[in-house]
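Quick notes on the structure that follows.
The values are calculated or read from the model by the stated rules, or taken from the named source; none is laboratory data. The shown structure was predicted, so the numbers you read here are calculated from the model rather than taken from an experiment. Here Cβ is always computed from backbone atoms with ideal geometry, including for glycine, and neighbour counts include all displayed protein chains. Areas reflect the complete protein model, heavy atoms only, side chains present, ligands, DNA and RNA absent. Shrake-Rupley method; radii C 1.70, N 1.55, O 1.52, S 1.80 Å.
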Amino acid sequence: MNLILLGAPGAGKGTQAERLQAERGLVQLSTGDMLRAAVAAGTETGLQAKQIMDRGDLVPDAIVVGIISDRIGQPDCARGFILDGFPRNEAQARALDAMLVQKGKKLDLVIEVQVDEKILFDRIRNRAAESASTTGTVRADDNEETLRNRLDVYRAQTAPLLPYYRAQGKLHTIDGMQTVDVVAKQIAALLDKVK
Ligand code: AMP
């Protein structure tokens with residue numbers, strides 16, 4: 001079972017992907033997490049990505065496509081994976097379609113987690129406050145100015161993936177403003193139906 005979780009920053013994709021990983025043994029592939037790890041490790045990719053991420057823009061397609069292509073070919077992904085934060089534009093979606101064909105894999109479903117923008121601002125504010133109090137650090141892009149840009153980028157570049165996957169008959173939309181448990185149950189029901 002291979003799926004994409006699609007949604008704006010703060011929609012809850014990461015939270016749901018973690019649950020699916022724990023409950024179903026699917027591998028969470030978060031390009032944001034992988035890029036942050038590269039930044040922390042000071043790799044070439046990390047150096048290239050840092051300023052772009054701090055602004056809330058998209059890092060070059062070639063970087064993220066390369067990361068995902070390597071990752072989905074690894075043995076732990078054979079049982080299935082959850083793409084969290086990838087693809088983020090149509091070029092990435094087309095590259096994903098091509099790499100899946102090349103690797104003899106397929107995409108089973110795309111789940112949009114839909115949340116109103118006003119709520120996203122509240123969530124990101126809370127996420128920053130919680131992280132500051134528990135770890136003493138805050139994601140560099142979890143501030144209002146960058147979030148505004150990340151939402152613009154989502155609207156302009158990522159939202160067009162909704163019609164793209166609707167046309168493939170793969171898109172399902174869930175109301176992401178319900179509790180984490182209710183959203184998780186609805187995602188589970190979709191996965192069970194497709195299985
Ligand atoms: P996220 O944790 O998914 O919100 O991603 C954090 C940041 O990493 C984004 O604002 C982008 O700068 C970068 N990023 C993550 N995934 C991608 C992607 N698929 N394409 C381009 N940039 C990405």
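From the backbone phi of the stretch 148-153, what are the Karplus-calculated ³J(HN,Hα) couplings (6.51 cos²θ - 1.76 cosθ + 1.60, θ = phi - 60°) in whole Hz, Gly and Pro given as x?
For the stretch 148-153, the Karplus curve yields 4, 5, 4, 6, 4, 4 Hz.
Between Met99 and Asp116, 0.36 nm times their residue separation minus their Cα-Cα distance comes to what?
Values: separation 17, 0.36 × 17 = 6.12 nm, distance 3.26 nm.
Roughly 2.9 nm would be gained on extension.
With +1 on the Cβ of every Lys and Arg and -1 on the Cβ of every Asp and Glu, and nothing else charged, how large is the dipole of the chain about its Cα centre, in debye rounded to the nearest 20? Intermediate results must be reported in sequence, preceding the final value.
Working: 26 positive and 26 negative charges, 106 e Å.
Value, rounded to 20: 500 debye.
Could you calculate the contour length gain from Ala167 to Lys185, that is, 0.36 nm times the residue separation minus the distance between their Cα atoms, to one decimal place in nm?
3.9 nm
Select from the stretch 111-188 those GluC sites (Glu not before Pro) which occupy a DSSP coil region and have at most 13 other Cβ atoms within 10 Å, ordered by residue number. Intermediate values should be presented prior to the final figure.
Values: sites: Glu112, Glu117, Glu130, Glu144, Glu145; in loops: none.
Nothing satisfies the criteria.
Suppose we take every Cα in the chain and form the convex hull; what volume per residue is that in Å³? If you can, show how the numbers build up before the last one.
Details: hull volume 23.6 nm³, N = 195.
Cα-based convex hull of the chain, divided per residue, equals 121 Å³.
With springs only between Cα atoms under 10 Å, which of Ile82, Ile174, Ile119 fluctuates most in a Gaussian network model of the chain?
Ile119
Rank these residues by their accessible area, most exposed first, probe 1.4 Å: Val64, Val101, Val39. Write down the numbers at each step before the final one.
Numbers: Val64 10, Val101 115, Val39 45 Å².
Most to least solvent-accessible, the answer reads Val101, Val39, Val64.
5 Å is the cut-off here: which amide hydrogens, built 1.01 Å from N in the peptide plane, fall below it relative to Leu6, excluding neighbours closer than 5 in sequence?
Distant-sequence amide H within range of Leu6: Ile111, Glu112, Val113.
Just flag the trypsin sites (Lys or Arg not before Pro) in the stretch 43-129 sitting in loop per DSSP whose Cβ has no more than 15 other Cβ atoms within 10 Å.
Details: sites: Lys50, Arg55, Arg71, Arg79, Arg88, Arg94, Lys103, Lys105, Lys106, Lys118, Arg123, Arg125, Arg127; in loops: Arg79, Arg88, Lys103, Lys105, Lys106.
Those satisfying the criteria are Arg79, Lys103, Lys106.
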